[in-house]
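Asker: Following this message is one structure expressed as C-alpha cells.
The values are calculated or read from the model by the stated rules, or taken from the named source; none is laboratory data. Just so you know, these numbers come straight off a predicted model, no measurement behind them. Backbone-built Cβ (ideal geometry, glycine too); neighbour counts: all protein chains shown.
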Amino acid sequence: MSRSARDRLGGDDRIRVHHLPADMHAAAPKGPEDDERAKLEPVLAETAGNVSEAARRLNMRRQGLYDQLQRLQIDPRAFRKR
C-alpha cells in the first residue's frame, strides 16, 4: 500500500467500513468495532463533540473514552458545530 493511501486511512493498512461509500455500508460485515462506533458516534453528535459530557452520558472515564476514540480513529472535533 502506498504511503499516501496509508495516510488517508489514518496510518492503518486496514480498510474499515467507514472508509467505504455510504451505499456499501449495509453490505459490509459488522464487527465489534462497528458496534462500538455505533454506540459512541450518536452520543458525540448529541454532545457536539464534548468528550467530557459524552463520557458522563456513557458512564465511563473521560480518558477511557479518549482511548476508544483513538483506537477507532474517531475525531471528536468532527462532531463540533460550526
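Asker: Enumerate the pairs (first residue in region 12-38 and within 23 Å of Met60 (Cβ to Cβ) and among the hydrophobic types (A, V, I, L, M, F, W, C); second residue anywhere and surrounded by fewer than 10 Cβ atoms within 10 Å (Cβ to Cβ) and modelled with pLDDT under 80) with beta-carbon separation below 7 Å, excluding pairs fewer than 6 apart on the same chain, so at least 6 apart or on different chains.
Answerer: Sorted first by the residue in region 12-38, then by its partner, the list stays empty.
This table checks each residue for (1) closer than 16 Å to Ile74 by Cβ; (2) at pLDDT 75 or above; (3) surrounded by 13 or more Cβ atoms within 10 Å (Cβ to Cβ).
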{"site": "Arg3", "(1), (2), (3)": "no, no, no"}
{"site": "Asp7", "(1), (2), (3)": "no, no, no"}
{"site": "Pro21", "(1), (2), (3)": "no, yes, no"}
{"site": "Ala26", "(1), (2), (3)": "no, no, no"}
{"site": "Pro32", "(1), (2), (3)": "yes, yes, no"}
{"site": "Leu40", "(1), (2), (3)": "yes, yes, yes"}
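Asker: While we're here: Is it true that some residue in region 59-80 is over 11 Å from the mean Cα position of the chain (by Cα), surrounded by 11 or more Cβ atoms within 10 Å (Cβ to Cβ) and modelled with pLDDT under 95?
Answerer: The answer is yes; a qualifying residue exists.
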